[in-house]
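The values are calculated or read from the model by the stated rules, or taken from the named source; none is laboratory data. None of these values were measured; they are calculated from a predicted model. Every residue, glycine as well, gets a Cβ built from its backbone with ideal geometry; the counts of neighbours run over all protein chains shown. Just so you know, the surface numbers come from the protein's heavy atoms only, side chains and all, with ligands and any DNA or RNA stripped out. Shrake-Rupley method; radii C 1.70, N 1.55, O 1.52, S 1.80 Å.
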Amino acid sequence: MARTITILGGTGPEGTGLAYRLAKAGECILIGSRDAARAQETAKQLRERVRGAQIEGKDNPSAVAACDIAILTVPFSGAAGLLKQLKSVWKPGTIVIDTTAPLAATIGGAATRVIGVWQGSAAEQTKELLPAGVHLAAAFQNLGAESLAGDEPVDCDVLVCGDDEKAKQVAFELVGKIPGARPLNGGKLENARIVESLTALLIGLNMRYKVHGAGIRFTGLPLK
Ligand SMILES: NC(=O)c1ccc[n+]([C@@H]2O[C@H](COP(=O)([O-])OP(=O)(O)OC[C@H]3O[C@@H](n4cnc5c(N)ncnc54)[C@H](OP(=O)(O)O)[C@@H]3O)[C@@H](O)[C@H]2O)c1
């Protein structure tokens, strides 16, 4: 049976963009939302864009209960509350990929700054709120929604951070399904704090250069 990838907060631009790219790559997608009808509407719009794609919509808990992999794409301000709500729903063995950056904008500040997170990063906060047996990696924080929305290859390295090799492997594989995205091993989950702060920097670059798709590329690595 095909694996199912749930996108928590998949009605927003980042989640919808990832859902679009992964559905185009043949993955079976479940859009998660606080409102099942909103999830179904986004799923319908995506099915219209990707012929033959398997994309459905459910409320977040139902979408988590039905998935093998979940990608967290809600604002930092909503992540802890959602994860607490989902704590008893996760199946052991589920892979979670956290895309969250703790932008100050989520609490009324500037999108060009991150706020301090007691655990060190949004991803480390997520780790604390997942039950044992659920695997976590952090990725995609620097891959903007506008780049994901189109059909052009994205022009971006994607750092994958985590302490769980299984989750990192899955994140690597999913990054590799997005044309133009190059997965890089970003090391431990604690390095997510560096990656998350780069998101704020990229938003500033987008504003200063009046573009929408600033991304990062690392040089000097023995990789294609
Ligand atoms: N936008 C980007 O370019 C980008 C790039 C890299 C990483 N990210 C990360 O991806 C995440 C989502 O970004 P976005 O721009 O797509 O955000 P968004 O549009 O503000 O939110 C995404 C979805 O999250 C749900 N949501 C909102 N508030 C919530 C709450 N308090 N509790 C639970 N769910 C809530 C909403 O879905 P429902 O109302 O349907 O539940 C919303 O459609 C963020 O953590 C961001 O740091 C974004």
Quiz item: Which residue, chosen from T94, A37, T73, occupies the Cα position most advanced towards the positive end of the dipole of the chain, where the dipole is computed from +1 (Lys, Arg) and -1 (Asp, Glu) charges on Cβ about the Cα centre?
Solution: A37
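Percentage of Cα-Cα pair distances in the chain greater than 22 Å, rounded to whole percent?
On the way: 11507 of 24976 pairs.
Cα-Cα pairs of the chain separated by over 22 Å account for 46 percent.
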Quiz item: Ignoring ligands, DNA and RNA, how do D163, D68 rank by accessible area with a 1.4 Å probe, largest first?
Solution: D163, D68
Self-check item: Probe 1.4 Å, protein heavy atoms only - accessible area per residue of the chain in square angstrom
Solution: 47
Exercise. List the relative contact order of the range 112-224 as a percent without decimals, with contacts defined as Cα pairs under 8 Å and 6+ residues apart.
Key: 33
Exercise. For A70, list long-range residues whose amide hydrogen, built 1.01 Å from N in the peptide plane, is under 5 Å from its own amide hydrogen.
Key: T6, I95, V96, I97
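At a 1.4 Å probe radius, carbon and sulfur cover how many percent of the accessible area of the chain? Intermediate values should be presented prior to the final figure.
On the way: 5760 of 10580 Å².
Exposed carbon and sulfur together represent 54 percent of the surface.
Net charge near A53, counting Lys/Arg +1 and Asp/Glu -1 over other residues with Cβ under 9 Å of its Cβ?
Numbers: positive: K24, R47, R49, R51; negative: E27.
Once positives and negatives cancel, what remains is +3.
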Quiz item: What are the radius of gyration and Dmax of the range 42-91, computed over its Cα atoms and given in Å?
Solution: 12.7, 36
Quiz item: What residues have an amide H closer than 5 Å to that of A111, excluding those fewer than 5 places away on the same chain, when H is modeled at 1.01 Å from N in the peptide plane?
Solution: A105
Practice problem: Could you tell me which helices of the chain pass both thresholds, a Cα extent of 24 Å or more along their own axis and a mean Kyte-Doolittle hydropathy of at least -1.0, with helices taken as whole DSSP H runs? | Solution: 192-209
Quiz item: Can you give the charge dipole size of the range 9-80 about its Cα centre, rounded to the nearest 20 debye, using +1 on the beta carbon of Lys and Arg and -1 on the beta carbon of Asp and Glu?
Solution: 220
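Among K58/K84; K166/K188; K44/K210; K127/K166; K24/K84; K44/K91, which pairs are too far apart, with a Cα-Cα distance over 23 Å?
Numbers: K58/K84 18 Å; K166/K188 13 Å; K44/K210 32 Å; K127/K166 15 Å; K24/K84 31 Å; K44/K91 27 Å.
In this structure, K44/K210; K24/K84; K44/K91 exceed 23 Å between Cα atoms.
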Quiz item: Over the chain, what relative contact order in percent results from Cα pairs under 8 Å that are six or more residues apart?
Solution: 18
Quiz item: What chymotrypsin sites (Phe, Trp or Tyr not before Pro) does the range 104-201 have in DSSP loop regions with at most 12 other beta carbons within 10 Å?
Solution: W118
